[in-house]
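To start, the structure under review is shown below, and the notes come after it.
The values are calculated or read from the model by the stated rules, or taken from the named source; none is laboratory data. Bear in mind the structure is a predicted one, so any value in this text is a computation, not a measurement. Glycine also receives a Cβ, built like all others from the backbone with ideal geometry; neighbour counts cover every protein chain displayed.
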């Protein structure tokens, strides 16, 4: 399978699964962070109303940092995995206390935030800052597993990333029409594409 065939597979998956989501309408780094943490281990259908509720109560990292953890957990209730809410609250406090209220924009600084790993940092870099970034998005992961790891019992993101970099290199998608960050999931509506 060549690069173009693989990209077509991913584009098709994106078209099949695409839906409007509130965090795609506003790509502030805080919104991306909230959505990425909420989406960990939780289906999109459950996340959408909770995201909207959470943003209504805590519209930015400063409001979240000023809240008590108890207040955050009340709003988070129903999503489960409360550790994610704790990470988000601690990240907001770190942004206010250690970054002077300015959301970090380098990979190194993003990775300092509690609960932020390579995939979340990559998503923030790509969606909020429109920077080239390679990370394993769920739909991309599905295509890799189905087409390149069909007989494997367990596949890690590291396995997928190794194959991805071999096939496409670190800058895949950078030259695709519609923006600077990894566009393997394109085409999407203009408001999502930046």
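Computed values, structure above
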item: Residue check, residue 79 surrounded by 14 or more Cβ atoms within 10 Å (Cβ to Cβ), in contact with a helix residue (DSSP H, G or I) (Cβ under 7 Å, 6 or more places away or on another chain) and assigned by TED's automatic domain parsing to the domain that holds residue 166; result: no
item: Every residue from the range 99-158 that is crowded, with 17+ Cβ neighbours inside 10 Å and either over 20 Å from residue 35 (Cβ atoms) or touching a strand residue (DSSP E or B) at 6+ places or on another chain (Cβ under 6 Å) (or both); result: 132, 143, 144
item: Which numbered condition residue 81 fails, given (1) in a loop (DSSP other than H, G, I, E, B); (2) under 16 Å from the mean Cα position of the chain (by Cα); result: (2)
item: Flag if residue 115 is modelled with pLDDT under 95 and under 19 Å from the mean Cα position of the chain (by Cα); result: no
item: Filter pass, residue 9 being surrounded by fewer than 20 Cβ atoms within 10 Å (Cβ to Cβ), in contact (Cβ under 8 Å) with a residue 60 or more places away in the chain and in a helix (DSSP H, G or I); result: yes
item: Test: residue in the range 44-51 that is part of a loop (DSSP other than H, G, I, E, B) and within 24 Å of residue 142 (Cα to Cα); result: no
item: Any hit, the range 30-38, residues being surrounded by 15 or more Cβ atoms within 10 Å (Cβ to Cβ) and more than 25 Å from residue 98 (Cβ to Cβ); result: no
item: Verdict on residue 44 being buried (at least 21 other Cβ atoms within 10 Å of the Cβ) and free of Cβ contacts under 8 Å to residues at least 60 places away in the same chain; result: no
item: Condition check for residue 95: in a helix (DSSP H, G or I), within 23 Å of residue 47 (Cα to Cα) and at pLDDT 90 or above; result: no
